[in-house]
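Taking it in order: structure first as structure tokens, then the write-up.
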Ligand code: ATP
Ligand code: LTN
């Protein structure tokens, strides 16, 4: 692709309010990669429809997510930041790949099992074929790397399987993507139940720190975080609450866990929790200020959307034309 840079693809669903888990597990890694690769960052609004959305809220949330990508530091001029639903090739390739994906493979997806249990009244086919749309997202851009949290690894594996199957039948059509999982902050846990991942759809709002939480709320949530009856600040399996806070602290401060442990050696949980809150606020504060500023720049944001939609469509359609040809779909007369 452009400049012979490797291609990187990732995105988030526009469901719920983003959490510190989304930031440390995904966005923060994206920032370290944005200059080295040709990047595509999607607002995955089609994926969001696998659970019911309130239309007016959904529209706002999707746009806010795009603005948040920029506020967090992604560069919409150098990288392609766009809405998945604005590039119809995603839905089209997704259908084609459905015909190369087995029910048995999809049945094994743990996210499907979890979400089906959570939304028992709405186990729609989209929830089941969610990974096929994700495969289409990635394969359309011939991505070499896909930065994702650990929970999405299985979806990347099925993407690779589908791509290899297709290539095996039709020749080298798709690049086989590799996962890119950052070292720190790979999995941030709930502050209220450190055995569960921090998640934007958690009903207990005290378990998650939202990227738009104000400084006092962050302090309150950190103070309330579930820990243990011991008093040592140390990373250990039997201390999931403290380990999670250490992970959050070191990730926000760009320190190693060992450095953080040393810093808090001999200190109490109370002081430690306040330091964690301060570290989190030092990351969220500037991002929130920039987000508020960008909200007022309507024309600038609209321009970015238009430009990047076109850029994304250009690359996506190139792959889609190749796939159509390989499959023997009739060519459109020019
Ligand atoms: P939901 O609660 O709606 O399932 P989510 O909070 O898990 O959503 P996703 O939209 O599924 O978020 O994920 C966006 C990105 O953030 C993914 O790359 C995912 O791996 C990452 N991510 C989400 N939660 C965490 C977490 N707690 N720790 C680290 N990374 C996370
Ligand atoms: N399922 C992903 C969001 C997602 C995605 C993608 C991530 C949809 N398509 C393509 C990387 C590449 C999630 O994080 N929940």
Notebook entry, point to check: Just checking, how many residues over segment 117-135 are within 13 Å of ligand 1 (Cβ to nearest atom) and at pLDDT below 95?
Noted result: 3
Check: Going through segment 30-47 one residue at a time, which ones are within 12 Å of ligand 2 (Cβ to nearest atom) and either within 21 Å of residue 182 (Cβ to Cβ) or out of contact with any helix residue (DSSP H, G or I) (no Cβ under 7 Å at 6 or more places or on another chain) (or both)?
Finding: 30, 39, 40, 41, 42, 43, 44
Notebook entry, point to check: Hey, which of the helices (runs of 4 or more DSSP H) in segment 91-205, taking only ones fully inside, have at least 2 residues that are within 21 Å of the chain's Cα centre (by Cα)?
Noted result: 110-118, 125-140, 153-170
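One line per residue, one yes/no per condition, for (1) more than 14 Å from ligand 2 (Cβ to nearest atom); (2) touching a helix residue (DSSP H, G or I) at 6+ places or on another chain (Cβ under 8 Å):
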{"position": "99", "(1), (2)": "yes, no"}
{"position": "122", "(1), (2)": "yes, no"}
{"position": "125", "(1), (2)": "yes, no"}
{"position": "156", "(1), (2)": "no, yes"}
{"position": "163", "(1), (2)": "no, yes"}
{"position": "173", "(1), (2)": "yes, yes"}
Checklist line | Breaking point among (1) buried (at least 16 other Cβ atoms within 10 Å of the Cβ); (2) closer than 30 Å to residue 246 by Cβ, for residue 286 | finding: (1)
Margin query: If the requirement is being touching a strand residue (DSSP E or B) at 6+ places or on another chain (Cβ under 8 Å) and either exposed (fewer than 15 other Cβ atoms within 10 Å of the Cβ) or assigned to a helix (DSSP H, G or I) (or both), which of these qualifies: 281, 244, 317?
Written below: 244
Notebook entry, point to check: Does residue 213 count as crowded, with 16+ Cβ neighbours inside 10 Å, part of a loop (DSSP other than H, G, I, E, B) and at pLDDT 95 or above?
Noted result: yes
Notebook entry, point to check: Given (1) in contact (Cβ under 8 Å) with a residue 12 or more places away in the chain; (2) within 23 Å of residue 239 (Cβ to Cβ); (3) surrounded by fewer than 17 Cβ atoms within 10 Å (Cβ to Cβ), where does residue 176 come up short, assuming only one miss?
Noted result: (2)
Notebook entry, point to check: Going by the structure shown, is residue 291 touching a residue at least 40 places away in the same chain (Cβ under 8 Å), over 25 Å from residue 195 (Cα atoms) and touching a helix residue (DSSP H, G or I) at 6+ places or on another chain (Cβ under 8 Å)?
Noted result: yes
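The values are calculated or read from the model by the stated rules, or taken from the named source; none is laboratory data. Here the structure is a predicted model, which is why all the values come from computation and not from measurement. All Cβ positions, glycine included, derive from the backbone under ideal geometry; neighbour counts span all protein chains shown.
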